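The values are calculated or read from the model by the stated rules, or taken from the named source; none is laboratory data. Treat the numbers as computed from the prediction; the structure is a model and nothing was measured. Here the Cβ positions follow ideal geometry from the backbone for every residue, glycine too, while neighbour counts run over all protein chains shown. We work out accessible area using only protein heavy atoms, side chains counted, and drop any ligands, DNA or RNA first. Shrake-Rupley method; radii C 1.70, N 1.55, O 1.52, S 1.80 Å.
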Amino acid sequence: MKIFQLIFQRVKTSILKNKEPWICALLGAAVFILLYGVHILNPSYTDWLLTSEDGDLTQHYLGWKFYRHAGWGFPFGTLDTLAYPNRTSIIFTDSIPLFAFFFKLFRFLLPVRFQYFGWFGLMCFMLQGALGAVLVKKYLRSGFCVAVGGMFFVLSPVFIDRMYWMTSLAAHFLCLLGLMFIVYYEETYKDTKKAVTGWGLLGVLCAGIHLYFLPMCGMILLGFMLADWVKGRKKWKVILPLCSYLAGAAVTVFLFGGFGSGMEAGRDGLGYYSFNLNGFFNPQGWSEYLKDMPCTDSQYEGFAYLGLGVLLLFVFAAAVRLGNVTRAGTEEEKRGKRIRNAVWVLIFLLTLFAAASNVVMYHDKVLYELPLPKILFRLWSIFRATGRLIWPAVYLLVLGAVCMDGRFIRRRSKGLLLAFCLLLQFMDIRGMLAEKNEVYNKADSYQTLLTDGAWRRIGEEKQISHICFVSDMNRQRKLLFSFGDYASDYGLTLNDFYFARSLDEKTLRAKEEALAQCPADTLFVFFDNEAQQGLAYPLYYYRMDGLVAGSREPLEGLEPMERSELLTYRYDMSGGRFLNNAEVVEEGWKLHSYGNSYGPYLNAGAGIYTVTVQGSGLTAVDVKCYYNGGDSSLEPRGLTVEEERVTFEVELTEYAPDLEVALWNTGGSDMLITEVVIRKQ
């Protein structure tokens, strides 16, 4: 009993001593729940992840789902079920590897449907508030000021912007941890052992949550090393935190399979996904009061808007600080300030340089483009979305805005100023907060695109173990995710998935090997407009949900179609993707006056094709046929135009991956198209 009393007393003392961080953690949790609701904290509620509009949330969840059901291997973070037979890493599905690994250890205790992304978001909001309060507590004397100041980190647009867009990238508390090592250098982290331990753990966390935090916290670490060096540390001790940080990160990446996955480290995009020099005050749609400023479409990655409350607070704090620049102090105090200022300036400039990339822009103007050697270009391209690297600078500015004038104005005045600016911060970004709430604070219901009962029969019969996409399924990502959910439910593998980095060549080789052998346990999937390729393989074919699936052996309980049907393609009339000045109606497509249909693009071999169009009001139709991206045209032969039917032939003398039949309404009234069929003779 005494032991429990002692523990309770120590916990109580710790909470009272650090009440402001606890208050900000609870307020952060309240903000999270107001934005996203409590339903996403239900571990068994996964529909909200599978109905993600941009697909990133679905990628994260399905990556975890496949990893959960995959057998254990070494390194621990690898699996061979998402790009079979190639092994990939959980790192490249952005599924928060540390969480995925932890919960996989207890997978036998988890419900059938399980997600941890809701609780991860709650944790980020709580840590964002708590660590923000810890940072400002060093410089502010009032508990009220500390609590209000900590909430500026929670209401930071760059933080909220990432949550449930690229979920793991919302772990901005990692940057705050790095800054904390510098802010509390004298009190705690000038001790080499504590510094080495702290930075080593931070390296593990960065590598285990999202790799982009490694360069961010790495630049903060360089500032820490500068402080260590200037304060007279032995040179070999200065590099120990760096060694610890790199070692922790390297071991974590290795254990999660990041080095052996075969993914391409670098990708195109360096200089495009960058930070624009107007980024700190360019709201990019986040402000109720300030207008957006020019930047390129790709510079959304460099979003760094501080918020009107922080901007006003920073201007005021800077003015007060400049007005007291000659304030007296001991030589030791002045030296300490110079060191601290040098550290902050170094971190700010490093992050600014790295985020702006080699193509530096202000508004829509390129100020200069830095030519890079190939090796440096490739290394920098590993983190091609350089705009993200500005986040440490953002939080330095927030910290400066909240604390810079802390010693020069009265506590009550400071508290009122902070409270006013925090309210202004909220009012400024309330529109985007409302949008977040509208998207996530509701119950979603997921509907798979694989509705044909044949898929369930295939999964239950266990005749098939692998699904091989012959067509590029990444072109229809929602369909790919439906396959991911289906395959993971029935213990099937996929040969390709949506990854953060490319596995193109290995995936292509594996697909070619599978097609050469046509194993009996593999189901080959084609888009309907590419089904003609199936004639090259000794497979039985089935049409399901607008797709063609082939297997070497007949599938139990399913009737295969005639191979000649692969030569016939029927347009899907339920979608309006290929329409101009037209609409989808119950009967098919209604083309208004001077409206047209185009595509979809048939993967067609050389030969003669018969095209049949059914509908009404077709006498005003104008027919055009193209391929090769529209550069090559085909002359319709034997064109017959009737009120309800149009027929003609076209001849291809070469392979065409994008044969297109375009129909134009040249009359004054609407034209109805109920069926378009292309058949190879």
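Can you classify segment 329-453 as rounded, prolate or oblate using the Cα gyration tensor, where a ≥ b ≥ c are the square roots of its eigenvalues, rounded means a/c under 1.5, and otherwise it's prolate if a/b beats b/c and oblate if not? Oblate. Check the straight Cα-Cα distances from LYS365 and name the lysines below 24 Å, setting aside those fewer than 8 residues away within the same chain. Counting by Cα, and skipping residues close in sequence, LYS365 has these lysines nearby: LYS291.
For LYS104, the lysines whose Cα comes closer than 16 Å to its Cα, not counting residues fewer than 8 places off in the same chain, are LYS65. Taken about its Cα centre, segment 565-681 carries a charge dipole of about 100 debye when Lys and Arg each add +1 at the Cβ and Asp and Glu each add -1 at the Cβ.
Once you divide the Cα radius of gyration of segment 418-540 by 2.2 N^0.38 Å, the number left is 1.57. Partners of LYS17 within straight-line reach, counting aspartates and glutamates whose Cα lies under 19 Å from its Cα and excluding those fewer than 8 residues away in the same chain: GLU187. Peptides 538-546, 146-154, 219-227, ordered by how many other C-beta atoms sit within 10 Å of their residues on average, highest first, read 146-154, 219-227, 538-546.
Normalised per residue, the accessible area of segment 506-626 is 45 Å², obtained with a 1.4 Å probe and no contribution from ligands, DNA or RNA.
Farthest toward the positive end of the dipole of the chain, out of ALA454, TRP664, PHE103, is the Cα of PHE103, where the dipole comes from beta carbon charges about the Cα centre. Mean projection of the Cα convex hull over all viewing directions, computed for segment 48-170: 9.5 nm². Can you classify segment 489-535 as rounded, prolate or oblate using the Cα gyration tensor, where a ≥ b ≥ c are the square roots of its eigenvalues, rounded means a/c under 1.5, and otherwise it's prolate if a/b beats b/c and oblate if not? Verdict is rounded for segment 489-535.
Taking amide H as placed 1.01 Å from N in the peptide plane, the amide H of SER632 sits under 5 Å from that of TYR627, each at least 5 places away or on another chain. Among the protein heavy atoms of the chain, carbon and sulfur supply 59% of the accessible surface, probe 1.4 Å, non-protein parts ignored. For segment 169-324, the solvent-accessible area of protein heavy atoms averages 41 Å² per residue (probe radius 1.4 Å; ligands and nucleic acids excluded).
Any idea how far the Cα center of segment 167-189 sits from the one of segment 576-633, in Å? Their Cα centres are 58 Å away from one another.
For segment 144-220, relative contact order (Cα pairs under 8 Å, six or more residues apart, normalised by length) works out to 29 percent. Computed with the Debye formula from one identical point scatterer per Cα of the chain, without solvent, the log10 of I(q)/I(0) at q = 0.05, 0.11 Å⁻¹ comes to -0.32, -1.20. Each peptide among 607-613, 389-395, 102-108 gets the average number of other Cβ atoms lying within 10 Å of its residues, and from highest to lowest they stand as 389-395, 607-613, 102-108. Expressed as a whole percent, the proportion of Cα-Cα pairs in segment 569-681 lying more than 23 Å apart is 21%.
Relative intensity of segment 385-466 on a log10 scale, I(q)/I(0) at q = 0.12 Å⁻¹, equals -0.68, per a Debye sum over C-alpha point scatterers of equal strength in the absence of solvent. Other residues within the sphere of radius under 11 Å centred on the Cβ of THR493, judged by their own Cβ, net out at -3 (K and R +1, D and E -1). Checked against a 24 Å cut-off, the cross-linked pairs LYS374/LYS511; LYS194/LYS235; LYS137/LYS337 give Cα-Cα distances beyond that limit for LYS374/LYS511. Which links in LYS442/LYS478; LYS624/LYS680; LYS506/LYS680; LYS436/LYS506 stretch past 28 Å when you go from one Cα to the other? In this structure, LYS506/LYS680; LYS436/LYS506 exceed 28 Å between Cα atoms. Once Rg and the Kirkwood radius are both taken over the C-alpha atoms of segment 498-618, their ratio Rg/Rh works out to 1.05.
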